[in-house]
Each structure stands twice: as C-alpha cells, then as structure tokens.
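Report on the structure given below.
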Amino acid sequence: MMASWHVHNAIINLHTDNYRKERKRKTVYIDRPILPVPSLHFSHCSEAVPVYCLLHSNRNSKTRAQASTTAPERQAASEAMERWRRSNCLLAVAVVVAIAVVPSAEAKLSPGYYRTTCPRVESIVRSVVARKVRQTFVTVPATLRLFFHDCFVQGCDASVMIASGSNDAEKDAPDNESLAGDGFDTVVRAKAAVEKACPGVVSCADVLALAARDVVSMSSGPRWTVELGRLDGLVSKAGDVAGRLPGPDMRPDALAAMFADNNLTVPDMVALSGAHTVGFSHCARFAGRLYRSGSGGADSSYYRASYARQLKAACPQDVGPTIAVDMDPVTPTVFDNAYYANLARGLGLFASDQALHDGAASRPAVEGFARNQTLFFEAFKEAMVKLGRVGVKSGRSGEIRRDCTAFNR
C-alpha cells in the first residue's frame, strides 16, 4: 500500500508589488577559476638581480660573419646585443609584475566581507525574510528558485531582478515567466532594509544569496555559511536565458552536462534538485504528460495511476495559468529528504525528477539521500556554496545597485 499523500493546488502570487507577470520554471549554475601568475623563466636573466638581464653568450659559437669582423666591431655588437637583451628582460619582468598586482576579475568571496562595513546585514535580511515567510509559504520556493535562475544565467549577480520597460530583461524570458513575485518581493524588501542601515554597501546579489539560505533554514532545512562579496551585474537580457536552465523533460545525461558546464558535479545536481521538496509547479509544465495529446490518459512511464488521478483533480485540462501543485506531495512545506523517497515510489512530478532515480550515474546519490537526511543536508549545503560562486562579478564588471530592479546608470 502506498503511504497517504496529497496534492495541493494553490494560486501563486505572481503580482506582488511591481511584478505583474507570471513567471516559468527551470532550476538552477559558471565558476571561473582565479588565474595564477604564470611562472616564467628567462635563461638570460639573473635570479639575484630581477630587474635587468646579464649577457648570455656562448663563446664557442661564433659565426663566420663574427670571425671576419674586427675586435672593436665585435665589441660594439656585443654591447648592442646586451642592451637589447636587458630591455627585453625589463619588459618581461614588467609584464609579470603587472599580472601580479592587477586584481583578478574573480571576486574574493568571504563570509566576513561586510564585517566592518555592514556588520548587521545577515540579521537584517533574516528578519525581513522571516516576516515574508509568515505572510506566505510561497516565499520559500519562490526565493530559492529565484537564486537558482539568477546564478545559471550570467552568474550570481542579481541580473534576474532587473525590470525592463521594454520587457527584454532576464525575468521576461519565457523560462523565467513563472518565477513567483514573492521571491522578487523578498529581495526588494530585504535590500531596502539593508540600505537604511548601510547605504550603498551590500549588493542585491548578496542579499539574494542570504535570503535563499534563510528560507531553507526557516522551513526545517539546513543552514550554512554564505560567502559574500558579489557585485550586481551590468547586463540583463532575455535572450541570454534560453538553453541555460534545466527543463522538466531533460534526461540525466543532458542535465549532468549542463551542471558540469557550471563546475557542478552529478552529486551536486542531485542535491540541488532536492530543493523541489518545497517546490511547486504550474500545471502547464507537466500537462503534456498528464494529458497525452488531449487523450485524457496519463503517461504511465512517468506517473503511477493513483498519482495521476490526484494530479488531474488538481490540474483539470481547462485549469487557469496561476494554478500550481506541490512537487513533494508528502511533506510539501518541510525541507527534508522526502523528495528522494518519492522518486523511488514513482512520485516525481517532472520527467527530469523521475529520471534522476532511473539514471545510472545519479541513482546512487538519490538512494543515499533517501536513506540518510543528514547526508542530503550536508551535500545540499556544499552544493549551494559552490552554486553561489558561479560567475560572480567584481571590479568594473559590476556595481552595488541602490535599487535591485534597476541599474544605477
């Protein structure tokens, strides 16, 4: 007998404050390594005197032309060659020094980044997030999903927050149209509170990273140390989104390749997919499998018959676009490992969810997380830290926005 479970349907708030468009799902991550200063060796440079070069000569390899010249001419040529080598070594040393002193394009993230400039940032964000979660639980999946979608497109730079008058920013892309307004509202409110305490100091990207951590811990999930120091991106284009977010019908190998492009492993992918334990999906995202070509029959390769009946009751064929169902029909408001146990019972809402259990590379992690919640929590924390490092901005490639929905200039 199948343990009792249920499917909720809910009208998701897609119209919070300035966010009046329904948003569209796909989860989730580009880690750019810091380039080391190249180790260069110049055979004719003195290690003891690094700022100039000594003449490197071979006294036994004179050419016929050298042999035919007079001693003064050979001396002049030797001095000219020494000057040439010295100037070239000086240039090479200058290049190495320049590489060493120019800051890396990769931001140096640190948990204590705001220790002196905004020491209360974490408590301020946590207070705002807690207030939002009390207002509506949708805040939890909406904020977590917003973080995933931001990081997988242009990196973790809050570019998904930008509102465009011409509807051509990241959040206007078809794959982002179902992002719930409560996630955006959470970040906007938290940033406003932080600005009152520390104006112009904390980026929207860092506020989003903190908020994503807080919604997980506030729904009985793990808590981890968030690395900080990101800048907000200067670009947000709808055209950059396509092909960068996992789809509900993707196979494990395609998903793994997409995650690998972002320096995330198969275990990372399986752990991050566990966020679906508090997720929701609009009916349109899986209706094609639930109602095969309008025939009314559920696709038995994806859904157990009893689960399909429950989904049909929540998502009739004429359902409205704002109706959504929980992705974890057992404990939808608790961040736990039930998602993985559900997959073993055929309760994966998306084909991509169920495929994690069926894939040879991903199944061991699915089974391990299903047996051991602590193992899942530890893997999820590690994967979230790695996700937070994807494509972070620094220097001239970013800014600290005053308003998360608009560039400073």
Subject >> Some residue of the range 366-379 being open to solvent by 10 Å² or more (accessible area, probe 1.4 Å) and not in a helix (DSSP H, G or I) >> reply: yes
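Considering every residue within the range 271-283, establish whether at least one is out of contact with any helix residue (DSSP H, G or I) (no Cβ under 8 Å at 6 or more places or on another chain) and among the aliphatic types (A, V, I, L, M). Break it down stepwise before answering.
Step one: of the range 271-283, the residues out of contact with any helix residue (DSSP H, G or I) (no Cβ under 8 Å at 6 or more places or on another chain) are 281-282.
Applying the additional criterion that residues be among the aliphatic types (A, V, I, L, M) yields none.
No, that holds for no residue.
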Original post:
Are there any pairs with C-beta distances below 6 angstrom linking a residue in the range 325-339 that is at negative phi and assigned to a loop (DSSP other than H, G, I, E, B) to a residue that is among the aromatic types (Phe, Trp, Tyr) and surrounded by fewer than 20 Cβ atoms within 10 Å (Cβ to Cβ), with the two at least 6 apart or on different chains, and if so which?
Top reply: Pro329/Trp5; Val330/Trp5; Thr333/Phe137
**OP:** Among the candidates Leu245, Leu255, single out the residue that is part of a helix (DSSP H, G or I) and under 19 Å from the mean Cα position of the chain (by Cα).
**Re:** Leu255
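Consider the range 121-133. How many of its residues are surrounded by 21 or more Cβ atoms within 10 Å (Cβ to Cβ) and of a type in the set (D, E, K, R)?
Initial filter on the range 121-133 (surrounded by 21 or more Cβ atoms within 10 Å (Cβ to Cβ)): 121, 124-125, 128-129, 132.
Now restrict to residues that are of a type in the set (D, E, K, R): 132.
Total meeting the criteria: 1.
For the range 258-269, name all the residues that are outside any helix (DSSP H, G or I), hydrophobic (A, V, I, L, M, F, W, C) and open to solvent by 30 Å² or more (accessible area, probe 1.4 Å). Give the steps one after another, and end with the answer.
Narrowing the range 258-269 to residues outside any helix (DSSP H, G or I): 261-265.
Those still in the list that are hydrophobic (A, V, I, L, M, F, W, C) too: 264.
Scanning the range 258-269 gives no hits.
If a residue has to be open to solvent by 10 Å² or more (accessible area, probe 1.4 Å) and of a type outside the set (Val, Ile, Thr) to count, how many in the range 328-351 make the cut?
Going through the range 328-351, the residues open to solvent by 10 Å² or more (accessible area, probe 1.4 Å) turn out to be 330-334, 336-338, 341, 344-346.
Checking which are of a type outside the set (Val, Ile, Thr) leaves us with 332, 336-338, 341, 344-346.
Looking only at that region, the number is 8.
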**OP:** Return yes or no: is Ala360 part of a loop (DSSP other than H, G, I, E, B), within 22 Å of Cys151 (Cα to Cα), small (Gly, Ala, Ser) and open to solvent by 20 Å² or more (accessible area, probe 1.4 Å)?
**Re:** no
Subject >> Inter-residue pairs, beta-carbon under 6 Å, first among the acidic types (Asp, Glu) and in the range 259-287, second at pLDDT 95 or above, 6+ apart >> reply: Asp268/Ala383
Subject >> Elements of type helices (runs of 4 or more DSSP H) contained in the range 134-239, each with 3 or more residues being open to solvent by 10 Å² or more (accessible area, probe 1.4 Å) >> reply: 181-197
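The values are calculated or read from the model by the stated rules, or taken from the named source; none is laboratory data. Remember, it's a predicted structure, so these values are computed and weren't measured experimentally. Virtual Cβ from ideal backbone geometry, glycine too; neighbours counted across all protein chains shown. Heavy atoms of the whole protein, side chains included, go into the accessibility calculation; ligands, DNA and RNA do not. Shrake-Rupley method; radii C 1.70, N 1.55, O 1.52, S 1.80 Å.
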